[in-house]
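Presented below is the structure to which this report refers.
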Amino acid sequence: MKILIADDDAQILRALRITLSARGYEIITATNGIEAVNAAIAHHPDLFMLDLGMPELDGIEVIQGLRGWTQAPILVVSGRTGAADKVEALDAGADDYVTKPFSIDELLARIRALTRRAPHAGAPPAIRIGDVTVDIVAKSITRASRGGDERVRLTPTEWEVLGMLVRNAGKLVTRQSLLREIWGSEHITDTGYLRLYIAQLRKKLEPDPAHPQYLLTESGMGYRFELEKAQQGAAAETVE
């Protein structure tokens, strides 16, 4: 697997190149945004690891440029810890976000999650969430509109979260279960990060994200996907 790492910190680049190469990854490095874009075009990596505060082009600009032609996973590795920075990166097209300093075990877990492409066993057929149709197996989402169906894009990590909730439709899925399954057992207390992904999913899928009907929070415990409500909504729409 080929990974492009872009960071203007030479020590981090060297450490990541050595560590990830030892685990069998082919590593390409870049020290600024322009180098990152050029290396991406030349080598077509399977995954990108980008810092946000790079010279020439910053990380957000690189993400936007990459998303114009590739859907390869993008993992932001940045010292910026604010929620606004994370949301901006995810909205620009990043798939996941790790803050510095980080452990190598955490980084490897995020890489595994992003590169997980196996079909979801036990996934139901296409389901309706308001005016949105979700096919978990095909990883396809469309939103009905007067001008024709519109595609809705989820990041690989968002697919992981949604897939686990849908496979357990109607049941409580604890925060610890989601964090352990997707990010690894060392992250079962990282609930703030999980809330960010749930908020992003609601923004993309719920008719009214501020008042979710399908992706529900069970206070203090976890989340639940209300398949029965989704089915009732689809049936009512069909009758009308």
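Observations
- Prolate/oblate/rounded call for region 126-204, Cα gyration tensor, a/c under 1.5 rounded: prolate
- Cα-based helix-to-principal-axis angle, 104-115 vs the chain, degrees rounded to 10: 50
- Prolate/oblate/rounded call for region 2-115, Cα gyration tensor, a/c under 1.5 rounded: rounded
- Whichever aspartates and glutamates have a C-alpha closer than 13 Å to that of Lys204, once near sequence neighbours (fewer than 8 apart) are set aside: Asp91, Asp131, Glu150, Glu158
- For His187, His211, the sequence from fewest to most other C-beta atoms within 10 Å is His211, His187.
- DSSP-assigned coil residues among trypsin sites (Lys or Arg not before Pro) in region 1-56, each with at most 14 further Cβ atoms within 10 Å: Arg23
- Bridges between two residues of the chain, per DSSP, are antiparallel at a rate of about 50%.
- Assigned charges on the beta-carbon of Lys, Arg, Asp, Glu; the chain dipole about Cα centre (debye): 620
- Placing +1 on each Lys and Arg Cβ and -1 on each Asp and Glu Cβ, with no other charges, gives region 127-239 a dipole about its Cα centre of roughly 80 debye.
- Neighbour counts of other Cβ atoms within 10 Å put Trp159, Trp69 in the fewest-to-most order Trp69, Trp159.
- In terms of its C-alpha gyration tensor, the chain has a prolate overall shape, because the principal axis ratio a/c (a ≥ b ≥ c, square roots of the eigenvalues) is not below 1.5 and a/b outweighs b/c.
- Using the Cβ of Lys203 as centre and a radius below 13 Å, the other residues enclosed give a net charge of +1, where K and R count +1 and D and E count -1.
- Listed residues Gly53, Gly79, Gly148, most fluctuating in the chain (Gaussian network, C-alpha, under 10 Å): Gly148
Here, each number is a calculation from the coordinates, and none is a lab measurement. Everything numeric here is computed off the predicted structure, so don't read it as measured data. Note that we place each Cβ from the backbone using ideal geometry, even for glycine, and neighbour counts take in every protein chain shown.
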